[in-house]
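Visitor: Can you keep this structure in mind? I'll have questions shortly.
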Amino acid sequence: MTVTQGTPPWLLLVFSLPSSRASQRVEVWRKLQRYGALALRSSGYVLPNTPATQEKLEWLATAIRNYRGQASVVQVQAFDDLPDKRLRQLFVEARSPDYERLLRELRKIVALSHSRRPAGRLSRLRRRFQEVEAIDFFASPLHGRVETLLARAEEPESIRGDRKSKGKSGDYHNRAWLTRPRPGIDRVSSAWLIRRFIDPKARFVFGNDPGAHPEAIPFDMFHPQGFGHRGEDCTFETLRKEFAIRDARVRWIAQIIHDADLGDEKFGRVEGLGLDQVLNGWARQDLTDDELLRRGMELIEGIYHARE
């Protein structure tokens, strides 16, 4: 007998509820829909085996038992009538209608002038996109199309030619960049963005008075010069827009930094809260500003690659 090593790739929930529990049956079905579970023709619901999906199914099984039903969560190595490749494809196909609905709605918005685009509707579509993205376990090809169209819909009206000329000119190359001491999440991420996409040879200096460093470009300073918060944007977002950086991963990081720095939950991104706590912890260790910035930039670089 051959014993397969490693964690089984799938989780299977099988359950039954008394016929008198119709409302609970609907409740369970709705939760399974939110979790992205795939209904098998034979019986049960399947999900990829991850700690997060296992916790959800275990709690759901507990709820079913509390409803006087029966439930089991099974780790499955393989289904004899459903190869892994086909099962993954079924998960991708299950997300297609969700993404297609978003595409239809976003095309309607993009067709409108910027002044007529409803901000509340865009926020709802963004939240829905994040919900679908969370259960898109096997990278639907429609994901990128929705993400690109959503970015177009959210992009403010601007003079793009001026932005591009700024980014391409030598005015921002091989320069010193000034920011305040004890850099937090917006400043370390902005420094990472500057060095990675704007000025690869950027040098960073710290101070509170731009007049003391006239040769340096200020960023995230409490002064009108340079680059800082503008409107509802944090400094990272300002830099991304000013230099027309279209990288999808940078756009994702911008949402994380915005929510962590401004705390307005605009994008519903909670990942930055942990990053902010790490930076605050390092700041309490009497690290120099240079070391704090270096560690923070490495942290953002890791997040950037985690999205690959």
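Visitor: Which whole-angstrom value gives the distance between the alpha carbon centres of segment 230-308 and segment 65-114?
Guide: 30 Å
Visitor: Still on this structure, please answer the following. Return, for the Cα atoms of the chain, the radius of gyration and Dmax in Å, separated by a comma.
Guide: 24.1, 77
Visitor: Within the chain, what whole-number % of the accessible surface is contributed by carbon and sulfur, with the 1.4 Å probe and all protein chains included in the calculation?
Guide: Roughly 50 percent, rounded to a whole number.
Visitor: In the neighborhood of residue 128, defined by Cβ-to-Cβ distances under 10 Å, what is the net charge if each Lys or Arg adds +1 and each Asp or Glu adds -1?
Guide: Local charge sum for residue 128: 0.
Visitor: Can you work out the Karplus-derived ³J(HN,Hα) for every residue in segment 47-59? Use 6.51 cos²θ - 1.76 cosθ + 1.60 with θ = phi - 60°, whole Hz, and x for glycine or proline.
Guide: Listing the rounded values in order: 9, x, 8, 10, x, 5, 5, 5, 4, 4, 5, 5, 5 Hz.
Visitor: Compute the accessible area per residue over segment 223-308, keeping the other protein chains in place, probe 1.4 Å, unit Å².
Guide: 49 Å²
Visitor: Computed over the Cα atoms, what is the radius of gyration of segment 188-236 divided by 2.2 N^0.38 Å, N being its residue count?
Guide: That works out to 1.13 for segment 188-236.
Visitor: Can I ask one more? Across segment 1-143, what fraction of all alpha-carbon pairs, as a whole percent, falls in each successive 10 Å bin from zero upward?
Guide: 10, 33, 29, 18, 8, 2, 0
Visitor: Looking at 222, 139, 297, which one has the Cα that reaches farthest to the positive end of the dipole of the chain (charges on Cβ: Lys, Arg +1; Asp, Glu -1)?
Guide: 139
Visitor: Moving to a separate point now. Quick check on packing: order 251-257, 44-50, 136-142 by the mean number of other C-beta atoms within 10 Å, highest mean leading.
Guide: Ranking the peptides 251-257, 44-50, 136-142 by packing returns 251-257, 44-50, 136-142.
Visitor: Please give the net charge around residue 18, taking every other residue with its beta carbon less than 11 angstrom from that of residue 18, where Lys and Arg add +1 and Asp and Glu add -1.
Guide: +3
Visitor: Distance check, please: which entries in 108/266; 85/108; 56/241; 85/266; 31/108 exceed 27 angstrom between their Cα atoms? Write out the running numbers ahead of the final one.
Guide: Numbers: 108/266 22 Å; 85/108 35 Å; 56/241 38 Å; 85/266 37 Å; 31/108 30 Å.
85/108; 56/241; 85/266; 31/108, as the Cα separations exceed 27 Å there.
Visitor: Related question: If you put +1 on each Lys and Arg Cβ and -1 on each Asp and Glu Cβ, how big is the dipole of the chain around its Cα centre, in Debye rounded to 20?
Guide: 1200 debye
Visitor: Let me ask something additional. Under 5 Å between amide H atoms, partner at least 5 residues away or on a different chain: which partners does residue 76 have, H built in plane at 1.01 Å?
Guide: Amide H to amide H, under 5 Å and 5 or more residues apart or across chains, residue 76 pairs with 10, 11, 12.
Visitor: Per-residue counts of other Cβ atoms within 10 Å, averaged by peptide: what ranking do you get for 193-201, 104-112, highest first?
Guide: Peptide ranking by packing, descending: 193-201, 104-112.
Visitor: On a 0 to 90 degree scale, rounded to 10, what angle separates helix 248-262 from the longest Cα axis of the chain?
Guide: Roughly 80 degrees, rounded to the nearest 10.
Visitor: Okay, next question. Where the eigenvalues come from the Cα gyration tensor of segment 209-308, what are the semi-axes √(5λ) of the equivalent ellipsoid, largest first, in whole Å?
Guide: 22, 19, 14
Visitor: HN-Hα J couplings of segment 302-307 from phi, Karplus 6.51/-1.76/1.60, θ = phi - 60°, integer Hz, Gly and Pro as x?
Guide: x, 5, 4, 6, 5, 7
Visitor: Once R0 is set to 45 Å, what does the formula 1/(1 + (r/R0)^6) return for the Cβ-Cβ distance between residue 176 and residue 264, expressed as a FRET efficiency to the nearest 0.05?
Guide: After rounding to 0.05, the efficiency reads 0.90.
The values are calculated or read from the model by the stated rules, or taken from the named source; none is laboratory data. Predicted model, so just to flag it, every value in this text is computed and none were measured. Because the Cβ atoms are built from the backbone with ideal geometry, glycine has one as well, and the counts that use them run over all protein chains shown. Ligands, DNA and RNA are excluded from the accessible area calculation, which covers all protein heavy atoms including side chains. Shrake-Rupley method; radii C 1.70, N 1.55, O 1.52, S 1.80 Å.
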